[in-house]
Amino acid sequence: MRKVTERDDYEVVVGIEVHAELATESKVFCGCKTDFGARPNSQTCPVCLGMPGALPVLNRRALEYTIRAGLALNCSIAVRTKFDRKNYFYPDLAKGYQVSQYDIPVAHDGYIDIEVDGQPKRIRVRRVHLEEETAKLVHAGDDIISANQSLLDFNRSGIGLIEIVSDADMRSADEARAYLTKLRSILVAIGVSDCKMEEGSMRCEANVSVRLRGSKEYGTLVELKNIASFRAVHRAIQYESARQIDLVRSGGRVTRETRHWDDARGETAFMRSKEQAADYRYFPEPDLMPLEISREWVDEIKSGLPELPDARAARYAREFGLPASDAALIAESRELASFFDGVCDALAKAGAEAVDRTDGPREAAKWLVGDVSAALNASGIELSQSKLAPELLAELIGLVASGKISGKIAKSVFEEVFASGKRPGDVVRERGLVQISDAGQLAAIVQRVIEANPGPVSDYFAGKEKAITFLVGQIMKETRGRANPQETNRILREELAKRA
């Protein structure tokens, strides 16, 4: 299947529905725990098992988290809201209906700002509503299509869930991925969900259609399910949009349906025809009273919101002069941003022996987006699981800034610090890595290298500037990389000038 390009007569139209499990300790309508990985069906009660006569009681924290998410997504918060029964039959839904929200969601009419290829764009958020999770189906087979039986785990049933529905404002797979990345960073930053896609606490469904470029009418949408990563979202949208364009161009017709994304094959497959809202026969939940959300409570929640990723990135760029790309990369990760702030605090406490208040943070950013991220990717762990602490990275930056070690040696020291958790100063002392900056000691080494390499010296006098690089390399070899590069270069040129 070919990839759709901007040269095509058709454009892609994408809207995304995201389900994020709320990070509450108990479920949304009962007191059962929400611990991930517990023994199957061990965290259940008559309410979340859908037993007749069991009555739900709303978890106030779940509603608070929904309001918090709505505010962070620039939404308006409803003054009055209610719950509805969404009726449909599926094995993971014991009651035969899901307690959700239909016409009066908790939050509505918000937006998220994204940037793709340097171009900013605003994606509207239509609604954020609160509902209950379904049970987990474990399919006995490679996937849902080929499975011949499924098992049910009701531990997940009844966990608080927010559904975030975007408008169909995205026009490419790149924009969809940027939207999801920004959305996840916001939800994690405000602490309402851990958004771990590998654990199912964040799931997304893409609604994809195509239309002639310039047309105002939408095409027939197809819903894509079973998308387990942002990379899969990108691939699924690219494949499905190309499939629909090829179908229309060949005289076929796109049908409203739900399709399964097969990541291994890199293609979508038909699952079922797509339901309309009327098919769910929504009606108000009689066991839960309508809710009045006071403006005082909304204001209190709003005042307690932490710094959001966009604001944090802007502050990093403004206060420390970080490049916009580095600032955004660090700010969008709650863990990375917290670590960066810790390094900056440690550098500030170190005072004059460390580095300038902007040079230090810039160096910290370079380490985080470079060597630290590479080490984490290679080891397959999160930053919080590593032995690296903000104070250790700050000390390493200080050692380089004070001239005690070179940047090259710092990378070697970092590898041991990351693996062992040792203090950088201890590693430097144990391995004898203190940088040689004494002019007299360096002059003696420079003279020995000049005497031992008459050929490159003659090349330098003949105008071959690259010869000096060889000579510096020989000095570094003799000192095992401990010679101060700036001092070495200066003394070497002065000595050569004397002999010219």
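A short reminder: the numbers here are calculations on the coordinates, not readings from a lab. Quick caveat, the model's predicted, so the values are computed rather than measured. All Cβ positions, glycine included, derive from the backbone under ideal geometry; neighbour counts span all protein chains shown.
Beta carbons closer than 8 Å, at least 6 apart along the sequence or on distinct chains, pair a first residue in segment 250-267 that is surrounded by fewer than 11 Cβ atoms within 10 Å (Cβ to Cβ) with a second that is β-branched (Val, Ile, Thr) for ARG253/THR220. For segment 195-203, the criterion of being within 19 Å of ARG259 (Cβ to Cβ), in contact with a strand residue (DSSP E or B) (Cβ under 6 Å, 6 or more places away or on another chain) and in contact (Cβ under 8 Å) with a residue 12 or more places away in the chain is satisfied by at least one residue. Considering segment 214-242, and only residues there that are within 20 Å of CYS204 (Cα to Cα) and charged (D, E, K, R), the residue that is surrounded by the most Cβ atoms within 10 Å (Cβ to Cβ) turns out to be GLU240.
Helices (runs of 4 or more DSSP H) fully within segment 374-446 that include at least 3 residues being of a type in the set (Val, Ile, Thr) and crowded, with 16+ Cβ neighbours inside 10 Å: 407-420. What's the total number of residues in segment 25-42 that are hydroxyl-bearing (Ser, Thr, Tyr), surrounded by fewer than 19 Cβ atoms within 10 Å (Cβ to Cβ) and under 19 Å from LEU63 (Cβ atoms)? So the answer is 1. Are there strands (runs of 3 or more DSSP E) fully within segment 50-124 with at least 2 residues that are of a type in the set (Asp, Glu)? List them. Output list reads 107-116.
Quick one: is VAL12 touching a residue at least 24 places away in the same chain (Cβ under 8 Å), within 25 Å of LYS196 (Cβ to Cβ) and either in contact with a strand residue (DSSP E or B) (Cβ under 8 Å, 6 or more places away or on another chain) or surrounded by 15 or more Cβ atoms within 10 Å (Cβ to Cβ) (or both)? Can you show your working first?
Numbers: touching a residue at least 24 places away in the same chain (Cβ under 8 Å): yes; within 25 Å of LYS196 (Cβ to Cβ): no; either in contact with a strand residue (DSSP E or B) (Cβ under 8 Å, 6 or more places away or on another chain) or surrounded by 15 or more Cβ atoms within 10 Å (Cβ to Cβ) (or both): yes.
No: the conditions fail for VAL12.
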